[in-house]
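Comments concern the structure below.
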């Protein structure tokens, strides 16, 4: 393992833990974008360029921004004052550590793991991009339209709730 892989993995795991532990939804969404970016960096380090760039475009570029906008448009403004940790957090950490250890042991001792490293199939990003822009251009455009419609729908829902609150207070 290289130092860059270790640093990227640590940043990704810390960002994911931050998402689970923060109470402010905007900060959680931004930490989730960092975790998505870390996963994309891991894919890029493993020479899976298409998957890494798709992770950046879809998750970091679209879904993380959609979540941030949805939170900003629909949140009430106050953060709950409850504690993040409950009384059973230590038991939860112990159980998750045991499950992680058991799953790691099962994967590492599995006979399904290949004994020798095979060469990866050649699927350069250019050929995938050419296929997306020629053979699969219609499904690509439909996905873009569906994501745009979802964003517009979120804005309309947020605006309708705001109008209900304003008219209810004036009666």
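The values are calculated or read from the model by the stated rules, or taken from the named source; none is laboratory data. It should be emphasised that the depicted structure is a prediction, and the values quoted were computed from it without experimental measurement. Heads up, the Cβs are rebuilt from the backbone with ideal geometry, glycines too, and the neighbour counts pull from every protein chain shown.
A few points about this structure:
- Selected residue (criterion: nearest to the chain's Cα centre (by Cα)) from residues of the stretch 40-57 that are assigned to a helix (DSSP H, G or I) and in contact (Cβ under 8 Å) with a residue 60 or more places away in the chain: 53
- Contacts under 9 angstrom Cβ, first residue in the stretch 138-152 being over 12 Å from residue 66 (Cβ atoms), partner part of a helix (DSSP H, G or I), 6 or more apart: 139/132; 140/132; 140/133
- When each of 35, 29, 62 is tested for being at pLDDT below 85, buried (at least 17 other Cβ atoms within 10 Å of the Cβ) and assigned to a helix (DSSP H, G or I), the lone residue that passes is 29.
- Among the criteria (1) surrounded by 10 or more Cβ atoms within 10 Å (Cβ to Cβ); (2) without any contact (Cβ under 8 Å) to a residue 24 or more places away in the chain; (3) over 30 Å from residue 156 (Cβ atoms), the one residue 115 does not fulfil is (1).
- Any chance residue 129 is loosely packed, with under 10 Cβ neighbours inside 10 Å, in a helix (DSSP H, G or I) and either touching a helix residue (DSSP H, G or I) at 6+ places or on another chain (Cβ under 9 Å) or at pLDDT below 70 (or both): no
- Scanning the stretch 19-36 for residues that are touching a residue at least 24 places away in the same chain (Cβ under 8 Å) and within 11 Å of the chain's Cα centre (by Cα) returns 29, 30, 32, 33, 36.
The rows are residues; the columns are (1) modelled with pLDDT of 85 or more; (2) in contact with a helix residue (DSSP H, G or I) (Cβ under 8 Å, 6 or more places away or on another chain); (3) in a helix (DSSP H, G or I); (4) within 25 Å of residue 153 (Cα to Cα).
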position	(1), (2), (3), (4)
15	yes, yes, yes, no
18	yes, yes, yes, no
67	no, yes, yes, yes
83	no, no, no, no
98	yes, no, yes, no
